[in-house]
1. Would you confirm whether or not the stretch 10-32 contains a residue that is under 21 Å from Cys199 (Cα atoms), within 16 Å of ligand 1 (Cβ to nearest atom), acidic (Asp, Glu) and surrounded by fewer than 18 Cβ atoms within 10 Å (Cβ to Cβ)?
2. Mind counting the residues in the stretch 68-82 that are surrounded by 15 or more Cβ atoms within 10 Å (Cβ to Cβ) and either more than 11 Å from ligand 3 (Cβ to nearest atom) or of a type in the set (Ser, Thr, Tyr) (or both)?
3. Restricting attention to helices (runs of 4 or more DSSP H) lying wholly within the stretch 187-292, give those where 2 or more residues are surrounded by fewer than 17 Cβ atoms within 10 Å (Cβ to Cβ) and free of Cβ contacts under 8 Å to residues at least 40 places away in the same chain.
4. Being surrounded by fewer than 24 Cβ atoms within 10 Å (Cβ to Cβ), hydrophobic (A, V, I, L, M, F, W, C) and assigned to a strand (DSSP E or B) is the filter here, so list the residues in the stretch 108-137 that pass it.
5. Name every residue in the stretch 143-182 that is within 11 Å of ligand 1 (Cβ to nearest atom), in a loop (DSSP other than H, G, I, E, B), touching a residue at least 60 places away in the same chain (Cβ under 8 Å) and surrounded by 17 or more Cβ atoms within 10 Å (Cβ to Cβ), in order of residue number.
6. When you look at Glu65, is it within 16 Å of ligand 1 (Cβ to nearest atom), surrounded by 18 or more Cβ atoms within 10 Å (Cβ to Cβ) and within 26 Å of Met195 (Cα to Cα), yes or no?
7. Of the numbered conditions (1) under 27 Å from Cys67 (Cα atoms); (2) in contact with a strand residue (DSSP E or B) (Cβ under 6 Å, 6 or more places away or on another chain); (3) not small (Gly, Ala, Ser), Ile320 satisfies every one except a single condition; which is it?
Amino acid sequence: MNAPVSHAPVGAVRHDWTRNEILALFALPFNDLLFQAHTVHRAHFNPNEVQVSTLCSIKTGACPEDCAYCPQSARYDTGLEREKLMQVEKVVEEARAAKASGATRFCMGAAWRSPKGKDMPYVTQMVQEVKSLGLETCMTLGMLDQDQAKSLADAGLDYYNHNLDTSPEYYGEIITTRTYQDRLDTLANVRSAGMKVCCGGIVGMGEEAGDRAGLLQQLANMADHPESVPINMLVKVEGTPLDQLDDLDPLDFVRTIAVARIMMPESHVRLSAGREEMSDEMQAMTFFAGANSIFYGEKLLTTANPESNKDMQLFSRLGIQPEQRHVHDDDSAVAAQISDALEASHNDQFFYDAAK
Ligand code: SAM
Ligand code: DTB
Ligand code: SF4
């Protein structure tokens with residue numbers, strides 16, 4: 001392949017990746033690709049540290065969107081019980097447990113197309129309460145307009161997760177109820193509100209290598225790379241349109257992680273959904289290829305994830321330490337302020353029964 005050669009040094013932060021250059025990385029002999037990715041990884045991160053996030057589904061099922069991979073879409077019969085928005089107190093209880101088991105970030109997900117006005121006071125309260133425990137906060141609530149992004153940022157939300165899922169070309173095969181541009185607009189609103197971006201996609205959805213390259217090209221050519229890049233392996237859930245697909249070659253998954261690491265050298269690349277089906281050896285290979293974050297805890301949103309003690313055993317066998325949160329003085333001051341404000345405002349206004 002005659003890929004145009006970039007003169008940027010390997011491991012430089014770039015925003016001008018061409019599709020051919022990316023395909024050329026995918027086409028490298030496996031060992032050459034892993035060596036390059038690991039070299040970039042070591043230049044930017046401690047290779048023996050992995051960031052640990054725990055997920056919580058704050059509103060489950062009955063989603064109006066038609067994402068073909070998703071067990072939570074109301075359009076597919078997956079046997080999932082719908083649940084209303086969780087009470088703030090219950091979310092905080094789960095966050096406390098996540099912190100006690102070693103997570104440093106708590107990611108709250110809702111099966112919404114976008115949050116409604118009436119939901120915003122509850123989700124912002126969740127952010128404030130979870131943050132006051134000393135955890136980093138992340139939410140994924142669907143599309144956000146500018147005002148919603150600002151409210152979440154004002155509440156102290158650290159990260160917003162909104163995935164591009166796949167390449168622009170393959171996207172229409174997977175979702176028809178919102179466009180690629182809608183997703184880019186939400187990401188722009190998140191950035192301009194000052195939050196960190198968590199954005200990645202899913203592989204194993206029947207896409208070609210060119211689509212995996214196309215997804216990474218979109219992510220890496222953003223003006224600022226997402227700070228967090230979740231790479232999910234499709235979890236095939238019975239009843240969804242993708243449940244009968246053939247498995248992706250596990251080595252192609254590892255290649256995707258390695259190419260993401262080379263293209264976004266300063267981002268945390270998360271080995272996300274699909275770990276339950278991966279061997280320890282495959283996970284170890286992704287950590288070598290540059291994955292340095294995981295979802296930790298027995299459940300993702302609605303599907304299974306490895307048991308926490310199994311993950312800790314794997315970390316210990318690999319000599320990996322969970323990454324500690326780097327708290328800045330500013331952060332602790334803000335956390336203390338939030339904590340004081342919450343103490344003062346505990347008039348139960350927000351402790352309503354959200355399930356009603
Ligand atoms: N409803 C919101 C949205 O779609 O933006 C937030 C929750 S949604 C479940 C968050 C992400 O989970 C999706 O964008 C998708 O990338 C990932 N996801 C959902 N179902 C999955 C599956 N079966 N396998 C792998 N990843 C999945
Ligand atoms: C992401 O990229 N993966 C997470 C999180 N962001 C919200 C979700 C994975 C969901 C897997 C299917 C489920 O458990 O419902
Ligand atoms: Fe709804 Fe999100 Fe699932 Fe799509 S991925 S169906 S928007 S919950």
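Just so it is clear, none of the values below were taken in a lab; they were calculated from the coordinates. In this text the structure is predicted, and so the values were computed from the model without any measurement. Cβ: placed from backbone, ideal geometry, glycine included. Neighbour counts: every protein chain shown.
1. No.
2. 4
3. Working: elements: 209-220, 250-263, 280-289.
So the answer is 280-289.
4. Ala110 - this is the single residue of the stretch 108-137 that is surrounded by fewer than 24 Cβ atoms within 10 Å (Cβ to Cβ), hydrophobic (A, V, I, L, M, F, W, C) and assigned to a strand (DSSP E or B).
5. In the first step, residues of the stretch 143-182 are kept if they are within 11 Å of ligand 1 (Cβ to nearest atom); the result is 143-144, 160-166, 174-175, 177-178, 182.
Then drop every residue that is not in a loop (DSSP other than H, G, I, E, B), which leaves 143-144, 162-164, 166, 174-175, 177-178.
Keeping just the survivors that are touching a residue at least 60 places away in the same chain (Cβ under 8 Å) gives 163, 174-175, 177-178.
Once the filter is applied, which keeps residues that are within 11 Å of ligand 1 (Cβ to nearest atom), in a loop (DSSP other than H, G, I, E, B), touching a residue at least 60 places away in the same chain (Cβ under 8 Å) and surrounded by 17 or more Cβ atoms within 10 Å (Cβ to Cβ), the stretch 143-182 yields Asn163, Ile174, Ile175, Arg178.
6. Values: within 16 Å of ligand 1 (Cβ to nearest atom): yes; surrounded by 18 or more Cβ atoms within 10 Å (Cβ to Cβ): yes; within 26 Å of Met195 (Cα to Cα): yes.
Taking the combined requirement at face value, the residue satisfies it.
7. Only one criterion is unmet by Ile320, namely (1).
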